[in-house]
Amino acid sequence: MLQFGKYVEINFNGDGAISGAAIRTYLLERSRVVAVNNPERSYHIFYQLCDGASAEERRRWRLKPAAQYHYLNQSTCFDIPGDSNAEEYQRTVTAMAKVGIPAEQREAVLACTAAVLHLGNVAFAEGRDADSSMVKTGGAAEEALAAAADLLGVSRDGLAHALTTRTRQTPEGPIISPLNVRAATENRDSLAKVIYSKMFDWLVAAINNAIGEDKNCAASVGVLDIYGFESFEFNDLEQFCINLANEKLQQHFNHHVFKQEQAEYEREAIDWSYIEFVDNQDVLDLIEGRMGILDLLDEQCRFPTSTNKDLAEKLYASGVCQGSARFKRPKLSQTAFTIEHYAGPVTYQSNNFLEKNKDFVVAEHQSLLQASCKPFVQQLFPPEQESVSDATGPGGGPNKRFAAFKFNSVGSQFKRQLGELMAQLGRMEPHYIRCIKPNSGNKPALFENANALHQLRCGGVLEAVRISCAGFPSKRPFPDFVEHFWPLAPELYHRPELDDREIAKTILERSGIPAGSGYQLGVSKVFLRAGHMAVLDKQRTERLASAATVIQRFARGHLARLHRRAAVAAVLTLQAGARGMLARLRAREARRQKAALAVQTAWRRHKLREEYKHAHMLVVAVQALWRGRQARVRYDSMRRESAAVVLQSNWRRFVAASGFERRRAAAVALQTAWRVRAARSALRALKTEAREAGKLLEDKKALEGKRLHGLPLPALVAPCP
């Protein structure tokens, strides 16, 4: 939502180059500083400052999260999807640097912004006296008061005194009156709005100084970007001022369109009658005329005890409001009123009109901030020079009776700014651009007819179209008209002795459009009533379609003949090519068959040779295997026979040896047994002969000698019986 209107003017020198620019703003929505509806946001810089400030800056400015500030936590919307408050803060600081604002002033601007946030957290409690107030002690209120005072460069006691009291100057001297809690809260909000507004104006002036406006420019282009017509369920002073601006712009738009039509008709010497259009001057008289709604609102604001109900009763009883058909009083409300705007009726609730219309700088605030130790704050609140009427009384002497504040209303300021804007637009050639929102859901490829029609009606486009259609909406210069509609009189188009006006007149006469009521010929243009341009376009289309049919007939015949000749030539070429191709294919096939026979012959010979070699190899292999097997069988048989012979020989030798060993053992046993017997017999004999020692000894030695020499005992010893 646009929170202020702006007018950007770009200056150009005699060579067409940009030589300067300037920005002017209208109706800053200051109430958004202290109050915001859910789920809207306050001004973006507050959220950017809370999220994007560095740790050092947060410590220096005593910043907290956005949710902890009263001016911001009235809504639950702290972030915009897709945007980063911290990144936007860096872009804002960078932009301030690029427009030439020094670092010290950037620091001061952001410090004052933080001071506005801290002011919102200053809460009040009932004072010791009746209808008095004081800053709440022992909590966040004192901390916020200290932070705001330090950032603004004033004393804490002085700021608390300025917020809770009001000084009135009288002939006997100043009178200090305490403020109750509600009045102190309004006083605090008023100070916050004034600081933000003056800081905003200072930034705009700084940007204009950096850009540089060319007062002596040769030409300039201005772009006005301002609010559209607004009608909500709850309409406040902002919507009232916005719709006033749209009423002024709509009147300028209607007059501009009407005057353009009128000037062109007079310039072209067209016989025309007055065109009626809806003039909203009565609405403007009701709002900004003498003793209109704005005057009555300012009058009520001058009374400190005036209430919203008093304002409503003042409006209901006003002769201007009662005498206007545009003003209505709703039946179910005691403080609302309805105005019939050009775009439709809008009901305004006057509950906040008095509070939002008051735009004054309290004397205590002015004096306090003028004495600030911060140069930037002093620059925002310079000493105000009193006007002649304020400085002197009726008798020429000093005027000792002046109020505690200098009254200046939002409505009167906006009225003055709007007058300056309309004067500026009156000096320039305006061009209007109406932006149409296709749907309320911000979705692509979706067009809501009722919504678009409502916007066209609110934007005055339908009224402008009606004004244009009431006269001669279709107009064309003679050369363009003849160039476009010459098919309705083609024989006249190539006659050089006829001018375009005569040809255009002949074309219109042949078309059947009645002269005067249907069309008129001006000095340089043809003027047609609504719908007649479509008649001419239809006749032109029919004539061109008829001519196109004839041209197409001849062109198609010519093209058909060309196509036939080309087709015959193509067929002959294709036949010759096809026949040659077939002959070449047959010759190629014959060569392929002959080559195939040669290849087959060689292949078969090779195949048979390979088969023979393979069979021969197999036979030789089988024979070799068979002969090897037979040889191995014979060799095995021979080995077996040789082994059998060896076995037989060994066996026979073993049998013979075994028999020999047995016989020899038996013989030895027999011999042993025989010799033992013989020895025994001999021993008995010897024992018999032992008696003869010598003889026995000799016989014994002889016997032993014989035994040692291997003499058989039987030969020596007689067998024993």
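The values are calculated or read from the model by the stated rules, or taken from the named source; none is laboratory data. Because the structure is a prediction, the values reported are computed rather than measured. Glycine also receives a Cβ, built like all others from the backbone with ideal geometry; neighbour counts cover every protein chain displayed. Side chains are part of the model used for accessible areas, which takes the heavy atoms of the whole protein and leaves out ligands, DNA and RNA. Shrake-Rupley method; radii C 1.70, N 1.55, O 1.52, S 1.80 Å.
Numbers at a glance
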| item | result |
| --- | --- |
| Qualifying residue in segment 100-108 (condition: farther than 17 Å from Glu57 by Cβ, at pLDDT below 95 and either of a type in the set (Asp, Glu) or part of a helix (DSSP H, G or I) (or both)) | no |
| Top-ranked residue of segment 396-438 - restricted to ones that are in contact with a Lys or Arg (Cβ under 7 Å, 6 or more places away or on another chain) and modelled with pLDDT of 85 or more, ranked as surrounded by the fewest Cβ atoms within 10 Å (Cβ to Cβ) | Met422 |
| Residues of segment 360-381 satisfying the condition of being open to solvent by less than 20 Å² (accessible area, probe 1.4 Å) and outside any helix (DSSP H, G or I) | Val362, Ser372, Phe381 |
| Top-ranked residue in segment 312-331 [being in contact with a Phe, Trp or Tyr (Cβ under 6 Å, 6 or more places away or on another chain) and assigned to a helix (DSSP H, G or I); ranked as surrounded by the fewest Cβ atoms within 10 Å (Cβ to Cβ)] | Cys321 |
| So Lys525, is it of a type in the set (D, E, K, R) and open to solvent by 70 Å² or more (accessible area, probe 1.4 Å) | no |
| Unique residue being open to solvent by 60 Å² or more (accessible area, probe 1.4 Å) and of a type in the set (S, T, N, Q) when the list is Thr25, Thr94 | Thr94 |
| Residue tally, condition over 22 Å from Ala206 (Cβ atoms) and of a type in the set (S, T, N, Q), over segment 1-41 | 4 |
| Tabulated pairs, segment 608-625, first part of a helix (DSSP H, G or I), second open to solvent by 80 Å² or more (accessible area, probe 1.4 Å) and not aromatic (Phe, Trp, Tyr), C-beta under 8 angstrom, 6+ apart or interchain | none |
| Test: residue in segment 127-136 that is within 48 Å of the chain's Cα centre (by Cα), closer than 18 Å to Leu369 by Cβ and of a type outside the set (A, V, I, L, M) | no |
| Some residue of segment 531-550 being outside any helix (DSSP H, G or I), surrounded by 11 or more Cβ atoms within 10 Å (Cβ to Cβ) and modelled with pLDDT under 90 | yes |
| Hits in segment 302-311 - residues which are over 18 Å from Ser412 (Cα atoms), under 49 Å from the mean Cα position of the chain (by Cα) and not in a loop (DSSP other than H, G, I, E, B) | Asn308, Lys309 |
| Scope segment 157-182; condition among the hydrophobic types (A, V, I, L, M, F, W, C), in contact (Cβ under 8 Å) with a residue 40 or more places away in the chain and open to solvent by less than 30 Å² (accessible area, probe 1.4 Å); matching residues | Leu159, Ala162, Leu163, Leu179 |
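To keep it simple, each residue is scored yes or no on (1) within 30 Å of Pro102 (Cα to Cα); (2) surrounded by 18 or more Cβ atoms within 10 Å (Cβ to Cβ).
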position: Ala184; (1), (2): no, yes
position: Lys193; (1), (2): yes, yes
position: Ala206; (1), (2): yes, no
position: Ser231; (1), (2): no, no
position: Phe234; (1), (2): no, no
position: Cys241; (1), (2): no, yes
position: Gln250; (1), (2): no, yes
position: Arg267; (1), (2): no, no
